[in-house]
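**Q** For reference, the structure I am asking about is given below.
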Amino acid sequence: MKPAIGRAGGQWIGLFFILFWVLIMPGQGRSQSLVISPDMQYDYAVKLLTDKDFSTAIVEFKRFLHFFPDSEKADHARFLLGACLVETQNFYEAARVFNDIILADNPGPVTREAYFYQSRAFEQMGNFGYAQIVLQNYLKLALDPDTKDRIHYQLGRLFLSMAAQGKDNALENAKNAFKAISLSGKAAYEVDHHLSLIQKAGQAPRKDPALAGILALIPGGGFAYCGRYKDALTTLLFNAGLIAGAWKAWDDDNKALAGVAGFVEAGFYTGNIYGAMSAAHKHNKAQTVKILDKTLTLEPSLNQDEYKLMFKLDF
């Protein structure tokens, strides 16, 4: 007769078989971990970009570059990271990302675009000097005529932006940049249209700041010269009132009050001269912007096939 196996013995035998199964076939008893491949991570970041979820795309592109720095898509990921930073107006960080691309030992397909985007980032920060330097440095390195034409075009557009900010000689520099575009590129970049636009901006009615300051020796005269008649009348009455008050206090032998009123009037009188000159500059800027405002519209749109953001400029 076979010995009977007790209840406790059966439990131990069952436990033994469970342990044996787990140790011999570990994949059967454990949940499998999810492995993210470079392509999966990159495609996910790109999808976020195309869905215009730029903030999340920035995180995912950074994650891709952290875990897969040697991937063949690393350069594209770095460039798209910079493009997303531009979209979220993180222009300083974007300029640094594009600079890393430009300074890479082995320039890749996105290096060319990095120059243009870095210049744009500096321009958006208001740093027109650096924006100009980036393009001019690239112009020294560029070999093919098409790239040179594009650089000249972007320089011309940059100078037009500077002209709208009232920068000296900006219109002349813009004209020279557009004229440097080759004959084959004239039609594509609408050179004649831009030159006509620059000519109109240069011939716009302008006010002489120095003359405005001289006319402001009579309070309000400078503002009247600039067409700001309400400001002219207010300035005249205010200064006249302070002068009359100071004179009355002096006539009443109240020299302390006369001194205070005279001091205040000196400040307002000086401000009247400075304000008139500033009004002339603002008038000139407004006339330039009135002509150039259509050229300064910046509308970002995505072009995923070329791994870049294309800016539509309504010149």
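**Q** Any idea which of Gly166, Gly156, Gly129 is of a type outside the set (Val, Ile, Thr), in contact with a His (Cβ under 8 Å, 6 or more places away or on another chain), open to solvent by 30 Å² or more (accessible area, probe 1.4 Å) and within 30 Å of Lys285 (Cα to Cα)?
**A** Gly166
**Q** Determine which member of the set Ala142, Ala201 is within 30 Å of Gly271 (Cα to Cα) and open to solvent by less than 60 Å² (accessible area, probe 1.4 Å).
**A** Result of the check over Ala142, Ala201: Ala201.
**Q** Looking only at the range 161-172, decide whether some residue is farther than 23 Å from Val134 by Cα and among the hydrophobic types (A, V, I, L, M, F, W, C).
**A** No, the range 161-172 contains no residue that is farther than 23 Å from Val134 by Cα and among the hydrophobic types (A, V, I, L, M, F, W, C).
**Q** Quick check on Gly259: is it more than 30 Å from Leu80 (Cβ to Cβ), modelled with pLDDT of 75 or more and more than 47 Å from the chain's Cα centre (by Cα)?
**A** It is true that Gly259 is more than 30 Å from Leu80 (Cβ to Cβ), modelled with pLDDT of 75 or more and more than 47 Å from the chain's Cα centre (by Cα).
**Q** If you don't mind, there's one more thing I want to ask. Select, from Met310, Met277, the only residue that is on the phi < 0 side of the Ramachandran plot, open to solvent by 40 Å² or more (accessible area, probe 1.4 Å) and modelled with pLDDT of 75 or more.
**A** Only one candidate qualifies: Met277.
**Q** Within the range 180-201, which residues are free of Cβ contacts under 8 Å to residues at least 60 places away in the same chain and over 26 Å from the mean Cα position of the chain (by Cα)?
**A** Ser182, Leu183, Ser184, Gly185, Lys186, Ala187, Asp192, Ser196, Gln199 - these are the residues of the range 180-201 that are free of Cβ contacts under 8 Å to residues at least 60 places away in the same chain and over 26 Å from the mean Cα position of the chain (by Cα).
**Q** Residues that are modelled with pLDDT of 90 or more and closer than 24 Å to Pro69 by Cα: list the helices (runs of 4 or more DSSP H) wholly contained in the range 88-198 that include at least 1 such residues.
**A** Fully inside the range 88-198 and qualifying: 91-102, 111-124.
**Q** Show me the helices (runs of 4 or more DSSP H) entirely contained within the range 1-78 in which 2 or more residues are open to solvent by 100 Å² or more (accessible area, probe 1.4 Å), modelled with pLDDT of 50 or more and under 30 Å from Gln89 (Cα atoms).
**A** 38-50, 54-67
The values are calculated or read from the model by the stated rules, or taken from the named source; none is laboratory data. Since the structure is predicted, the reported quantities are computational estimates derived from the model, not experimental observations. All Cβ positions, even for glycine, are placed from backbone atoms using ideal geometry, and neighbour counts span all protein chains on display. Protein only, heavy atoms only, side chains kept; ligands, DNA and RNA dropped before computing areas. Shrake-Rupley method; radii C 1.70, N 1.55, O 1.52, S 1.80 Å.
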